[in-house]
Amino acid sequence: MTLPILAGGQTHGHIIEETALQQQAHDRYQDTIAQVEEDVRLSLQTLTAEVEETRTADLAVDLSRKELKMAQDRFAAGAGDNIQVLNAQTALARALDDQVDTLARYDTARVNLASALGRMQQFK
């Protein structure tokens, strides 16, 4: 023999437990949304910064090439020495190294953004 009067407390307890589980799942969902938004925002900021760094590195390479050309012209004209040419070559090599590093960071930022957006399969 069962008395529904006594089972009411058990039913109420199950309802409270299920409501708590539902709230917990909703909170995890909201946390996941917030984390994805933060990941996308940070990836986009990083990519924007790396685009500027890439432009700066390109300008530095162009400037170093011009300086090397001028140093070579001065040396050919007898107005400069080979030390100036060597210094300009070293500066160009350093600028090219920086450009490679910057391009690598730029590509990494692109991959991170594609990952944050969930578009790794479409990444090119």
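Bear in mind that the values in this text are calculations on the coordinates, not laboratory data. What you see is a predicted model; the values in this text were computed from it and never measured. Quick reminder, even Gly has a Cβ in these numbers, built from the backbone with ideal geometry, and neighbours come from all protein chains shown.
For Val111 and Tyr29 in one chain, what is 0.36 nm times their gap in residues minus the Cα-Cα distance, to one decimal in nm?
Values: separation 82, 0.36 × 82 = 29.52 nm, distance 2.48 nm.
Gain on extension, Val111 to Tyr29, equals 27.0 nm.
What is the calculated FRET efficiency for Asp81 to Leu59, with r their C-beta to C-beta distance and R₀ = 35 Å, to the nearest 0.05? Mind dumping the intermediate values first?
Numbers: r = 27 Å, r/R0 = 0.78.
After rounding, the FRET efficiency stands at 0.80.
Report the gain in length on full extension from Glu38 to Glu52: 0.36 nm times residue separation, minus Cα-Cα distance, nm rounded to one decimal. Each step should come with its number before you reach the end.
Working: separation 14, 0.36 × 14 = 5.04 nm, distance 2.14 nm.
Computed gain between Glu38 and Glu52 is 2.9 nm.
For the chain, what does the relative contact order come out to in percent, with C-alpha contacts under 8 Å and a separation of six or more? Mind showing how you got there, number by number?
Details: 60 pairs, mean separation 39.8, N = 124.
Once divided by the residue count of the chain, the mean separation gives 32 percent.
On C-alpha positions alone, give me the angle between the axis of helix 4-77 and the longest principal axis of the chain, in degrees, nearest 10.
0
Quick check: the angle from helix 82-117's long axis to the longest principal axis of the chain, C-alpha only, nearest 10 degrees?
That helix lies at roughly 20 degrees to the long axis.
Taking 0.36 nm per intervening residue step and subtracting the Cα-Cα distance, what contour gain separates Ala20 from Arg119 on full extension?
Working: separation 99, 0.36 × 99 = 35.64 nm, distance 3.41 nm.
Contour length minus the Cα-Cα distance gives 32.2 nm.
Using only the Cα atoms, work out Rg/Rh for the chain, with Rh taken as the Kirkwood radius, to two decimals.
Details: Rg = 31.2 Å, Rh = 19.9 Å.
Value, to two decimals: 1.56.
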